[in-house]
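Notes follow the structure.
The values are calculated or read from the model by the stated rules, or taken from the named source; none is laboratory data. Just so it is clear, the model here is predicted, and its values are computed rather than measured. Every residue, glycine among them, receives a Cβ derived from its backbone with ideal geometry; neighbour counts consider all protein chains shown. Just the protein is used for accessible areas: all its heavy atoms, side chains included, with ligands, DNA and RNA removed. Shrake-Rupley method; radii C 1.70, N 1.55, O 1.52, S 1.80 Å.
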Amino acid sequence: MRTYGGATAEERASLRRRRLMESGLELFSSQGYAHTSVRAVLRHAGLKDRYFAESFTSLDDLMAALMKDIYDEQITRCADAAATDQPLRDRARNVIDAVVGLSLEDPRKGRVKLTESLGAGPLTARERRLGLRRMSGLVDSLLREGLHDPRIDPATLSVAVVGAVSEMLLSWFNGELGVSREELVDQGLLLFEAITGHMSPARRE
């Protein structure tokens, strides 16, 4: 296999793809998806025009790839938080905190996931739905551990929990909610507890 500069053609293509994704993340988060062009991404990445089509078919395709990366990272964190031997309440809280933490640790990812992705095209919309579905599956598994009411369908309510927490996070991220990170996570936990009935003694009083 031929190499150039110590890297194979496949490795160089992978590096170029990663540079385009990093530039997309930076530009989509700083100036918005609607105000970003393919040429701007290429210029920011320091690549020639022909290299965009090597990895992506459109800006929507680039945004979809970013969304997949962001959701992969989020779900890995959440799955790790849910897989401990802690009590259900603590694991649920840690899952919610992991979702909030991702947007705080890298606000670019928060802005892209929560805001800019909504203005992209069908490829991004599909990736967003897949990400939310995967999160709902994780929450579903937690809900099934704590259910005491046979009227509750965990698959349905897991979608409601994920949607509600996402909307809460969006409003908080946009500065519309005057609460701290800790308080935001607590509010998400209250929603989870309202469904499972796992209220702590302190909160029952």
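Numerical summary
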quantity	calculated
Complete set of residues in the range 35-47 that are assigned to a helix (DSSP H, G or I) and either at positive phi or open to solvent by less than 90 Å² (accessible area, probe 1.4 Å) (or both)	VAL38, ALA40, VAL41, LEU42, ALA45
Any pair with Cβ under 7 angstrom, 6 or more apart, that starts in the range 16-31 at a residue that is farther than 15 Å from ALA64 by Cα and touching a residue at least 12 places away in the same chain (Cβ under 8 Å) and ends at one that is among the aliphatic types (A, V, I, L, M) and open to solvent by less than 80 Å² (accessible area, probe 1.4 Å)	ARG16/LEU47; ARG19/ALA45; ARG19/LEU47
In the range 134-162, residue farthest from TYR33 (Cα to Cα) [restricted to those that are surrounded by 13 or more Cβ atoms within 10 Å (Cβ to Cβ) and without any contact (Cβ under 8 Å) to a residue 12 or more places away in the chain]	ARG144
One residue from ALA92, ALA120 being touching a residue at least 60 places away in the same chain (Cβ under 8 Å) and closer than 24 Å to SER14 by Cα	ALA120
Single match in ARG19, ARG50 (criterion: basic (Lys, Arg), modelled with pLDDT under 95 and open to solvent by 20 Å² or more (accessible area, probe 1.4 Å))	ARG50
Condition broken by LEU170, with the remaining ones in (1) over 17 Å from LEU104 (Cβ atoms); (2) of a type in the set (A, V, I, L, M); (3) in contact with an Asp or Glu (Cβ under 9 Å, 6 or more places away or on another chain) satisfied	(1)
Some residue of the range 57-77 being open to solvent by 50 Å² or more (accessible area, probe 1.4 Å) and farther than 22 Å from SER103 by Cβ	yes
Residue in the range 110-131 that is surrounded by fewer than 16 Cβ atoms within 10 Å (Cβ to Cβ) and under 22 Å from GLN187 (Cα atoms) present	no
